[in-house]
Structures are given as C-alpha cells and as structure tokens.
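One structure below.
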Amino acid sequence: MLRSVTLSLAWSVLVAACALVEPPGPAGTRPFQAQVRNTLPDPVELTIRPLDGAVPGAVQPALLPALSETIVTFHVPIAGGWIYVVNGDDQISSDEVIPSIGRCQLRFVIGVGDSTFSCLRIP
C-alpha cells in the first residue's frame, strides 16, 4: 500500500513539473516573449509567417480569448524575415520588432483593423 502511495505521489509531482516546462519551439527558430492584449470582443488566432513558408507551432498560446491579456511566446526564424499575423491578416514585420528583442518588454495590442507594437522600458 505504501509503495503505491509513494509511486502515485511521485507521478503527480512529475506531471506537475512537466506542466511548468514550456514545450520546445520548432526547429530553426529562436523564442521571444511579449505581452499581448486582445481588445476585440472576439477571440483571435496569432501566427508567425516567415517570408519563405510557414512555422507550425510558432506561437504559444496561439489563441487569445476576447478582451484578454497574456504573455505569449513567439518562435521566429533564426534567419530571414517574418510577419506577425492576427486572424490571417499581416500586422507587423520583423524589421519593426527585431531591434527591440531583448532590449525591452515587448507589447502587442490587437485592435480593430490592426495591431500596435511597443517597447516598454524594463523596470
């Protein structure tokens, strides 16, 4: 009985620890995080579209509920340009974002018709 309780407890701890670890990104990408705010009354889907193809699983989480805000991990190509896409519509190019990665807290705000990008000072 004690052995099964110990095994059950160990399994629970392992499952909880795995839930805290973010899954690895797609091959050939590097991650960055940004605060993303959806001001729309509908959920949105976020993707990263490289200029030469697609990167499945490049945004985690990829779906944002209506009127919500969360930290999102983006996996962008190591080489080449890319575009931040909301619900299939191109929004912001890598040329605008790359200079800010690692220099400040990145923030995307999704609004009617377009998104904005800002580089917030790190406290």
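Since every read-out is calculated from the coordinates, none of them should be taken as a lab result. Small disclaimer: the values here were computed from a predicted structure and weren't measured. Heads up, the Cβs are rebuilt from the backbone with ideal geometry, glycines too, and the neighbour counts pull from every protein chain shown.
Numerical summary
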| read-out | value |
| --- | --- |
| Val59, Val44, Val112 arranged by Cβ crowding within 10 Å, fewest neighbours leading | Val112, Val44, Val59 |
| Where trypsin sites (Lys or Arg not before Pro) fall in DSSP loop in region 56-123, at most 16 other Cβ within 10 Å | Arg103, Arg121 |
| At R0 = 22 Å, FRET efficiency that the Cβ-Cβ distance of Leu51 and Arg121 yields, to 0.05 | 0.15 |
| Stokes-Einstein D for region 26-120, Kirkwood Rh over Cα pairs, 37 °C, 0.692 mPa s (µm²/s) | 249 |
| Inter-label distance for Val109 and Asp42, nm, one decimal - labels placed 7 Å from Cα along Cα-to-Cβ | 2.2 |
